[in-house]
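In what follows, a single structure is set out as structure tokens and then discussed.
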Amino acid sequence: MILERVLTGITTTGVPHLGNYVGAIRPAIAASKRTNVESFYFLADYHALIKSHDPELVHRSTLEIAATWLALGLDVEHACFYRQSDIPEIPELTWLLTCMTAKGLMNRAHAYKAVVHENEQAGEDPDFGINMGLFAYPILMAADILMFNGHKIPVGRDQIQHIEMARDIAQRFNHHYGDHFVLPEALLDDNVAVLQGLDGRKMSKSYGNTIPLFLPEKKLKKSINKIQTNLLEPGEPKDPDTSTVFQIWQAFATPEQTAEMREEYANGIAWGEAKKRLFELVNTELAEARERYNTLLETPGEIETILQAGAEKARTISRPLITQLREAVGIRPLK
Ligand code: TRP
């Protein structure tokens, strides 16, 4: 049996929404149950500091995201679930990699370039509002991955460049100091739905069009009622393929339920009715997890214990590797 190591980080800013669930969390939890896969999932709280300087938000989001993954059934015996900042070897590796990373490589990072571009458009200094964390972000991400020799990195398209940079950095390090790192690859799952938000664009925090994952039942219903539709009346046939209500339905329904709903659209189901059924479907899938989530939020100490156990497990890998790397770069005891 080939053992594959899958690793991914979740930046701890903001509240998880249905798009995160369908696009990332649900497939990751399913993958963690496969016996030929070793999975590493972590809360990227150092990454959060790049985007957010609000301590309460970073802290609260760490709690909510950890509770979300646990409530949805992540098996922490099988998967390694930890918080980035509990692994001191990660910032240490970040520095070793920083000294092997060409500045020119970082200049080419899309996330950084996008901010420079915005500044230029606005007539600002190109460096306005850019901290070194944003500039060096791909190196921290490379350290996350290389620390655990992750082979397959499930990410969205916006992160592909970062995985390529991690490969570049690893190659350069290996070339100079000997073979220490496995070269990681991005794992893109094209079957996973990119969910649409309330306004029909991609569901995303930056568009403000999200449906938070664990809204209380009444609020979930209200939120689903806000999904934009056209003005077709009950009885008039509707096109499922241009409908956000249908698109979200599809992400939660079985193929049979999807086929049935397609019929209903052809028969002119009323928007109110389609939304009511969507609410019921989504609510049924999430209700139990939502209860566990609310209980977990009340018992943060339990989450902390789980994270500490995860960090201990992760550090059985990171400690020996950092010792080996220190040795390789010439940081050794004098004797
Ligand atoms: N930068 C990633 C994001 O914003 C999160 C992340 C941090 C990550 N470290 C990682 C993803 C390592 C994969 C591997 O989505």
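Among the numbered conditions (1) away from the ligand (no atom under 12 Å from the Cβ); (2) over 18 Å from the mean Cα position of the chain (by Cα), the only one that Val192 does not meet is (2).
Just checking, which of Leu286, Leu278, Leu334 is closer than 20 Å to Leu74 by Cβ and outside the structural domain of Ala71 (by TED's automatic domain parsing)?
Leu286
Of the strands (runs of 3 or more DSSP E) contained entirely in the stretch 1-119, those carrying at least 3 residues that are within 13 Å of the ligand (Cβ to nearest atom) fall at 4-11, 37-44. The requirement of being small (Gly, Ala, Ser) and within 21 Å of Arg83 (Cβ to Cβ) is fulfilled somewhere in the stretch 316-335, by at least one residue.
In summary, Lys219 fulfils each of the numbered conditions (1) more than 22 Å from Glu64 (Cβ to Cβ); (2) in a helix (DSSP H, G or I) with the single exception of condition (1).
Residues in the stretch 133-151 that are in a helix (DSSP H, G or I), open to solvent by less than 10 Å² (accessible area, probe 1.4 Å) and more than 7 Å from the ligand (Cβ to nearest atom): Pro138, Ile139, Ala142, Ala143, Leu146, Met147.
The values are calculated or read from the model by the stated rules, or taken from the named source; none is laboratory data. It should be emphasised that the depicted structure is a prediction, and the values quoted were computed from it without experimental measurement. Reconstructed Cβ throughout: ideal geometry from the backbone, glycine too, with neighbour counts over all protein chains shown. Accessible surface areas use protein heavy atoms only, side chains included; no ligands, DNA or RNA. Shrake-Rupley method; radii C 1.70, N 1.55, O 1.52, S 1.80 Å.
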